[in-house]
Amino acid sequence: HAMIDPSKCSSWFEERLENDDLFEQRGHWSTLYVETPLVSFHVEYRRSDWFHRKCDFQSLDAWMTTVSERVEKSEWNGILGETKHKMFDDSSGEQIFSDRSKLLRGQDDSDYEVGGPYG
């Protein structure tokens, strides 16, 4: 894990802001680590080659890596609440990692859409 040193990276970020090109990349993954006192996130972002678009796409994966005790004890809703604890298959006893129909109550992505920062 590489921590961002603001003194070394601020000019690069400023250039990205000026050019509005932070997410214009050539089809490679970008990894961001966001750390706050309450929660830390690992974010993976990828988009199709900005300059040679054969198949235009974007992909964003994010997950919490650490949470404070205060956040851990609070009520969680939506996808975070539904996946807060490990889930196991009733018949096999194996942990469920990727079967959406077993992990989530909602059938569609739209079941988890929000209209703002608080839902």
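Values as computed for the structure displayed
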{"quantity": "Count - residues of the stretch 75-94 that are of a type outside the set (Asp, Glu), surrounded by 10 or more Cβ atoms within 10 Å (Cβ to Cβ) and without any contact (Cβ under 8 Å) to a residue 40 or more places away in the chain", "calculated": "8"}
{"quantity": "Options Arg46, Arg70, Arg100, Arg105; residue that is open to solvent by 70 Å² or more (accessible area, probe 1.4 Å) and either among the aliphatic types (A, V, I, L, M) or under 29 Å from Asp21 (Cα atoms) (or both)", "calculated": "Arg46"}
{"quantity": "Cross-chain or 6+ apart pairs with Cβ under 7 Å, the stretch 32-48 first and within 18 Å of Leu80 (Cα to Cα) and among the polar types (S, T, N, Q), then open to solvent by less than 70 Å² (accessible area, probe 1.4 Å) and part of a strand (DSSP E or B)", "calculated": "Ser40/Val34; Ser40/Met64"}
{"quantity": "Residue pairs meeting the criteria (Cβ under 8 Å; at least 6 apart or on separate chains; first under 21 Å from Glu35 (Cβ atoms) and open to solvent by 100 Å² or more (accessible area, probe 1.4 Å), in the stretch 3-22; second in a helix (DSSP H, G or I) and modelled with pLDDT of 75 or more)", "calculated": "none"}
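The values are calculated or read from the model by the stated rules, or taken from the named source; none is laboratory data. Since the structure is predicted, the reported quantities are computational estimates derived from the model, not experimental observations. A quick note on method: Cβ atoms are made from the backbone with ideal geometry, for glycine too, and the neighbour counts reach across all protein chains shown. With ligands, DNA and RNA removed, areas are computed over all heavy atoms of the protein, side chains included. Shrake-Rupley method; radii C 1.70, N 1.55, O 1.52, S 1.80 Å.
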